[in-house]
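Note sheet for the following structure.
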Amino acid sequence: MASYKEIVTKTVIGKAKKTSKNNIVINPEQMPSTVLGCWVINHAFKGLSDKGLVKINGSFDVNVWYSYDSDHKTAVTSKTFNYTDSMNVPIKSESEFNDESEIIVRSLKQPTVSDVKINGNEVSLVVEKEMGVEIVGEGKIKVTIEEDEDDYEEIYDDDKIDEVVEQIDTEYLD
């Protein structure tokens with residue numbers, strides 16, 4: 001007769017992703033004529049539980065390369081931006097999101113500048129990113145246990161095999 005055992009293990013109990021845009025304004029030292037390039041670096045983030053939601057607190061540096069003085073000179077300006085994104089991650093049935101749950105946050109699409117405009121002495125940017133969250137908690141699975149089952153393979157020493165071979169009647173088939 002088969003019986004059952006429960007195995008408690010760590011499992012992904014919730015998973016979600018979110019694309020977000022941040023509108024950013026940078027004020028360079030000189031009045032820009034043309035934006036020559038923009039890039040985002042040093043993206044850092046951490047996920048925290050907040051009343052059933054996952055809050056992602058992060059930051060990144062934005063660098064803007066621009067020309068000024070009627071496109072005769074160039075400069076680079078940098079600024080660090082902080083952000084907070086909230087995600088309501090759906091939890092799988094019969095699972096519980098609690099303080100013991102582990103929150104894993106991944107950047108599925110690194111922050112990139114998708115739009116840039118010069119407005120007087122300001123440079124307006126739109127930074128897009130996609131973040132993924134996995135919540136790891138405890139899960140249970142049931143497995144069938146076969147009682148009194150001998151699943152060991154029997155092996156013999158070579159000495160015993162030689163004895164058995166010597167006892168074979170070679171005249172048997174004649």
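Of all residues in segment 128-155, count the ones that are in contact (Cβ under 8 Å) with a residue 12 or more places away in the chain and among the charged types (D, E, K, R).
As a first pass, look at segment 128-155 and keep what is in contact (Cβ under 8 Å) with a residue 12 or more places away in the chain: 128-147.
Subset that is among the charged types (D, E, K, R): 128-130, 134, 138, 140, 142, 146-147.
Number of matching residues: 9.
Filter segment 77-115 down to the residues that are part of a loop (DSSP other than H, G, I, E, B), closer than 16 Å to residue 130 by Cβ and of a type in the set (Gly, Ala, Ser) and list them by number.
In the first step, residues of segment 77-115 are kept if they are part of a loop (DSSP other than H, G, I, E, B); the result is 88-90, 92-101.
Filter once more, so that each one left must be closer than 16 Å to residue 130 by Cβ: 89.
Answer for segment 77-115, where residues must be part of a loop (DSSP other than H, G, I, E, B), closer than 16 Å to residue 130 by Cβ and of a type in the set (Gly, Ala, Ser): there is none.
Can you confirm whether residue 133 is part of a loop (DSSP other than H, G, I, E, B), at negative phi, surrounded by 12 or more Cβ atoms within 10 Å (Cβ to Cβ) and among the β-branched types (Val, Ile, Thr)? Step through it out loud before you land on a result.
Numbers: part of a loop (DSSP other than H, G, I, E, B): no; at negative phi: yes; surrounded by 12 or more Cβ atoms within 10 Å (Cβ to Cβ): yes; among the β-branched types (Val, Ile, Thr): yes.
No: the conditions fail for residue 133.
Could you check how many residues of segment 28-44 are under 17 Å from residue 106 (Cβ atoms) and crowded, with 17+ Cβ neighbours inside 10 Å?
1
What is the number of the single condition among (1) closer than 30 Å to residue 80 by Cα; (2) of a type in the set (Gly, Ala, Ser); (3) modelled with pLDDT under 85 that residue 114 does not meet?
The single condition residue 114 does not satisfy is (3).
Out of segment 41-89, which residues are farther than 18 Å from residue 102 by Cβ and of a type in the set (A, V, I, L, M)?
41, 44, 62, 64, 75, 76
Only one of (1) without any contact (Cβ under 8 Å) to a residue 40 or more places away in the chain; (2) crowded, with 16+ Cβ neighbours inside 10 Å is not met by residue 68, so which one is it?
Failing condition for residue 68: (1).
Output the residues belonging to segment 29-52 that are closer than 18 Å to residue 134 by Cβ and in a strand (DSSP E or B). Give the steps one after another, and end with the answer.
So in segment 29-52, the residues closer than 18 Å to residue 134 by Cβ come out as 45-50, 52.
Passing the criteria: 45, 46, 47, 48, 49, 50.
Pairs only if they're at least six apart or on different chains, beta carbon under 9 angstrom, first in segment 156-174 and in a helix (DSSP H, G or I), second among the aromatic types (Phe, Trp, Tyr) and at pLDDT below 75; list them, first residue then second.
From residues that are in a helix (DSSP H, G or I), the pairs are 164/156.
The values are calculated or read from the model by the stated rules, or taken from the named source; none is laboratory data. These numbers were taken from a predicted model, which means no experiment stands behind them. Heads up, the Cβs are rebuilt from the backbone with ideal geometry, glycines too, and the neighbour counts pull from every protein chain shown.
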